[in-house]
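Each remark here refers to the structure printed beneath this line.
The values are calculated or read from the model by the stated rules, or taken from the named source; none is laboratory data. Keep in mind the model is a prediction, meaning the values are calculated, not measured. We place every Cβ from the backbone using ideal geometry, glycine too, and count neighbours over all the protein chains shown.
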Amino acid sequence: MKYRHVIFIVVFILVIDQALKFWIKTHLYMQQEFVIFPNWFRIHFIENEGMAYGLKFGGDWGKIMLTLFRLVAVVIGFWYMKKLVHQKFHTGLLICGSLILAGAAGNLIDSMFYGLIFSDSSYDIARFLPKEGGYGAFLHGRVVDMLYFPIYEGYLPKWVPFKGGDYFIFFRPVFNIADAAISTGVITILVFQRRFFSKRLEETTGTEQTGAQQNGAVVNGAQ
């Protein structure tokens, strides 16, 4: 796998992620939703000011720090992916790394620029590049989420420990394509880490053994 393939994957995910977010922002207002498949898949528009899946991190300064951290992580990520490609790591690892990098970049774009280029969506459909300016400053954009999979909604049986009888929704978080790319990449690496890293470890071990044999031969020859 070549580095240009990494760039292609990142750009492909970014285009899908940003196109869907742009459509959501310019066609729906906050909390509006419509059903795609009854009982398990809806488009539900929300925005969050923090991390993936609606998690939050410490107010305005936390928002700035999180956005700057994402920016540094993305820059380092591109450099590190180039290094992994050069070292010929497993294709699966490179694909997963590309997904994680694309997801981080997708949410970074929201955080950096959406406050500048969109009006607020709280009470009306957002306008792109409004004359009066956007709803926030640079680095203060909110991440757009819309994918909602409430696969199960209802009251839990009484016999369920701790939560028996409570109203329960699975899966509750609302997320976006970027979040999904990050989660897919991380989970796949965790599941297939032996396969992804074993070949590289074997090559490294083989190189070390060959080097040791050559050094031994040189020493013996000198003797």
The stretch 6-52, residues that are modelled with pLDDT under 95 and within 30 Å of K82 (Cβ to Cβ): G50, M51, A52
message: Any residue at all in the stretch 53-60 that's modelled with pLDDT under 95, surrounded by 17 or more Cβ atoms within 10 Å (Cβ to Cβ) and of a type outside the set (S, T, Y)?
response: yes
- request: Select from the stretch 113-135 the residues that are buried (at least 18 other Cβ atoms within 10 Å of the Cβ) and not hydrophobic (A, V, I, L, M, F, W, C) and list them in ascending order.
  value: Y114, G115, S119, S121, G134, Y135
Cross-chain or 6+ apart pairs with Cβ under 7 Å, the stretch 59-84 first and under 17 Å from L14 (Cβ atoms), then exposed (fewer than 14 other Cβ atoms within 10 Å of the Cβ): none
statement: Of all strands (runs of 3 or more DSSP E) fully inside the stretch 131-187, the set with 2 or more residues that are within 21 Å of the chain's Cα centre (by Cα) and without any contact (Cβ under 8 Å) to a residue 40 or more places away in the chain is none
- line: For helices (runs of 4 or more DSSP H) lying entirely in the stretch 1-117, having 2 or more residues that are closer than 16 Å to I177 by Cα picks out 3-27, 91-109
